[in-house]
1. One residue is enough: does region 26-37 have a residue meeting the conditions over 20 Å from Met131 (Cβ atoms), crowded, with 17+ Cβ neighbours inside 10 Å and either modelled with pLDDT under 95 or not aromatic (Phe, Trp, Tyr) (or both)?
2. Looking only at residues that are more than 22 Å from Gly44 (Cα to Cα) and either at pLDDT 95 or above or among the aromatic types (Phe, Trp, Tyr) (or both) in region 56-84, which one is nearest to the chain's Cα centre (by Cα)?
3. Those residues that are in contact with a helix residue (DSSP H, G or I) (Cβ under 7 Å, 6 or more places away or on another chain), farther than 23 Å from Leu30 by Cα and either among the acidic types (Asp, Glu) or assigned to a loop (DSSP other than H, G, I, E, B) (or both), I need them from region 163-186; list them, please.
4. For a quick check of your reading of the model, give me the residue pairs whose first member lies in region 135-156 and is in a loop (DSSP other than H, G, I, E, B), whose second is modelled with pLDDT of 95 or more and among the aliphatic types (A, V, I, L, M), with beta-carbon atoms closer than 8 Å and at least 6 apart or on different chains.
5. Quick one: count up the residues across region 117-134 that are surrounded by 18 or more Cβ atoms within 10 Å (Cβ to Cβ), assigned to a helix (DSSP H, G or I) and over 11 Å from the mean Cα position of the chain (by Cα).
6. If we keep just the residues of region 74-113 that are among the aromatic types (Phe, Trp, Tyr) and without any contact (Cβ under 8 Å) to a residue 40 or more places away in the chain, which is farthest from Asn134 (Cα to Cα)?
7. For Trp99, all conditions in the list (1) in a helix (DSSP H, G or I); (2) loosely packed, with under 12 Cβ neighbours inside 10 Å; (3) modelled with pLDDT under 95 hold save one; what is the number of the exception?
8. Suppose we keep only residues that are of a type in the set (Gly, Ala, Ser) and assigned to a helix (DSSP H, G or I) within region 70-92. Which one would you say is surrounded by the fewest Cβ atoms within 10 Å (Cβ to Cβ)?
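The values are calculated or read from the model by the stated rules, or taken from the named source; none is laboratory data. Since the model is a prediction, treat every value here as computed from it, not as a measurement. Cβ atoms come from the backbone with ideal geometry, glycine included; neighbour counts cover every protein chain shown.
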Amino acid sequence: MNTEVTNTTFNDPPIARALFSNTRWSWLWLILRGYLGYTWLNSGIGKVNNPAWIKTGEALKGFWERAVLIPDPPARPAIAFDWYRAFLQSLLDSGSYTWFAKLVVAGELLIGIALVLGLFTGIAAFFGGFMNWNFMMAGSASTNPLLFIIAIFLILAWKVAGWWGLDRWVLPALGTPWQPGKWFRK
C-alpha cells in the first residue's frame with residue numbers, strides 16, 4: 001500500500017487569473033466596489049441622524065422583533081432557521097439592541113468608507129458580506145442577495161479590487177500575513 005503524500009497544485013482557469021489577479025480588470029472592480037461602498041455609506045449616513053438607531057436602538061429592536069415573530073400557519077416565518085431565531089431572541093432578551101444598533105451604524109459607515117476609498121477592500125467586502133448574510137438570515141431579502149454576491153466577487157478579487165484606490169499603495173507597504181510588505185521586511 002502506497003502512503004506517500006504528494007503536493008499537488010491546481011492552477012486557476014485563465015479567466016479567473018485575468019479577473020482576480022490582473023490589474024487590467026481593476027476598472028470593473030472599481031465600479032462594483034464604488035456601488036457597494038456607496039450603498040453601505042448611504043445606509044450608514046441615513047442611520048446616523050436617527051435617534052432610533054443611535055440613542056435607543058429601537059429601530060434595530062423593531063427589526064429583530066419582526067424577524068423572530070412566528071406568524072400563524074400557513075404563513076412562513078421570516079427566519080427559516082430556529083438557531084438563528086434563538087440567537088436574535090437572546091439578543092432581544094438581553095437588551096443588546098441598545099449597543100448593537102450603534103455597532104451596525106459604525107459597521108455600515110466603516111465598510112462604506114473603506115470600499116469607496118479602496119482601503120483593505122477584501123476585508124471590508126468580507127464584513128459587508130457578513131452583514132448582508134445576517135440581514136438575509138433575519139428574513140430581509142431586499143437588495144442583500146445582490147450586495148452579498150458583489151461582496152463575494154470583491155473578496156475573490158482582493159488583490160486588484162483596490163488598485164484604483166488606496167490598496168495600490170497600502171498593500172505593498174503592509175503586505176499580507178504570508179508575505180510581509182516593505183514596512184515589515186528585515
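1. Scanning region 26-37, I find at least one residue that is over 20 Å from Met131 (Cβ atoms), crowded, with 17+ Cβ neighbours inside 10 Å and either modelled with pLDDT under 95 or not aromatic (Phe, Trp, Tyr) (or both), so the answer is yes.
2. Among those residues, the one meeting the criterion is Tyr84.
3. Gly181
4. Sorted first by the residue in region 135-156, then by its partner, the pairs are Ala138/Leu88.
5. Adding up the residues that qualify gives 0.
6. In this case the residue turns out to be Trp83.
7. (3)
8. Applying the filter and picking the extreme gives Ser90.
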